[in-house]
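Visitor: Have a look at this one.
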Amino acid sequence: MNIQFLKRGKDRPGEPQDRTYDVLGSDPMFVEQFKNLCSRFEYRIDALNHKVVAVTSAIAGEGKSVSCVNIARNLASAGRKKVLLVDVDLRKSDLARGLGIPPVPGLTEYLAGSAGMEEILRTSVAPGLSVIPGGLRIASPWEFLAGERFRAFLKEVRDRYDLVLLDTPPVIPVSDTQALRDLVDAFILVCRLGFTPHLLFKQAMEEIGEKKLLGVVLNGVEPQSERYYQRYYGNYYTKVQKK
């Protein structure tokens, strides 16, 4: 498992705080952190031949979607990969709002059979990046995500793109992410320091499983605390493995 840090940055005076996905155009510290994160991520997926990767968190509010969007933007902008970003968090379907793209039709409509692949694809300002929004929100996505049409969807996008990033629901509150375990190559787990209870962090890693966990992104780390958290979470993960 690889642990990557995203350090705490400063809010810009007068800048709207709802621009949560615009990390690459904001604080230089975040820009460098995401470049470092993406460089390590790309190296690992190339070495392991991974093409479909889910980005998740233990609970909501940890920076999962921000991380997923900006990994996708960064790798697509580098020009080495044709990247697809998919909103699979169908209970919320917030990705479209954050990116400023039409939310419907999206993945929900495709899985329901009311829209085709070309209808749900959106272009992005980042060259080489396509986006599929979640579509209409649904209360119980499990049947859709565990169904044959979703399997066929993943097979098609796997063949069409170099990398498919799935913005998935958090692991703990709902069971939706568990439907994806056998369908994706790997998971990235995002954890916000001082926000995620350790027991829930442990539970999320156990539910994902050691073989599927590509790495952990620790979000909001103070620069002077990085060495401590590297040691703490590295040891913590080792203990989880042994249980």
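The values are calculated or read from the model by the stated rules, or taken from the named source; none is laboratory data. Source: prediction; values computed, not measured. With ideal geometry, Cβ positions are generated from the backbone for all residues, glycine too; neighbour counts draw on all protein chains shown.
Visitor: So is S65 modelled with pLDDT of 75 or more, more than 23 Å from D182 (Cβ to Cβ) and either in contact with a Cys (Cβ under 7 Å, 6 or more places away or on another chain) or among the hydroxyl-bearing types (S, T, Y) (or both) or not?
Guide: Here the answer is yes, as S65 does meet what is asked.
Visitor: Anything in segment 42-89 that is part of a helix (DSSP H, G or I) and within 10 Å of the chain's Cα centre (by Cα)? List them, or say none.
Guide: Correct list: K64, S65, V66, S67, C68, V69, N70, I71, A72.
Visitor: Which of the residues that make up segment 85-102 are surrounded by fewer than 24 Cβ atoms within 10 Å (Cβ to Cβ) and in contact with a strand residue (DSSP E or B) (Cβ under 9 Å, 6 or more places away or on another chain)?
Guide: The answer is S93, D94, A96, L99, I101, P102.
Visitor: Tally up the residues in segment 109-124 that are polar (S, T, N, Q) and more than 21 Å from A72 (Cα to Cα), please.
Guide: 1
Visitor: With L218, L214 as the choices, which residue is assigned to a strand (DSSP E or B), at pLDDT 90 or above and farther than 22 Å from F150 by Cα?
Guide: L214
Visitor: Answer yes or no: is there a residue in segment 99-117 that is of a type in the set (S, T, Y), farther than 25 Å from G147 by Cα, assigned to a helix (DSSP H, G or I) and at pLDDT 90 or above.
Guide: No; the residues of segment 99-117 include none that is of a type in the set (S, T, Y), farther than 25 Å from G147 by Cα, assigned to a helix (DSSP H, G or I) and at pLDDT 90 or above.
Visitor: Then there is this: Restricting attention to segment 149-186, and to residues there that are closer than 27 Å to L200 by Cβ and small (G, A, S), which single residue is nearest to the chain's Cα centre (by Cα)?
Guide: A186
Visitor: How many residues does segment 132-147 hold that are without any contact (Cβ under 8 Å) to a residue 40 or more places away in the chain and either assigned to a loop (DSSP other than H, G, I, E, B) or within 20 Å of E118 (Cα to Cα) (or both)?
Guide: 3
Every residue, every condition in (1) within 19 Å of R80 (Cβ to Cβ); (2) at pLDDT 95 or above; (3) in contact with a Cys (Cβ under 6 Å, 6 or more places away or on another chain); (4) not polar (S, T, N, Q), yes or no:
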site: Q17; (1), (2), (3), (4): no, no, no, no
site: T20; (1), (2), (3), (4): no, no, no, no
site: S26; (1), (2), (3), (4): no, no, no, no
site: M29; (1), (2), (3), (4): no, no, no, yes
site: Q33; (1), (2), (3), (4): no, no, no, no
site: R40; (1), (2), (3), (4): yes, no, no, yes
site: L48; (1), (2), (3), (4): yes, yes, no, yes
site: V53; (1), (2), (3), (4): yes, yes, no, yes
site: T56; (1), (2), (3), (4): no, yes, no, no
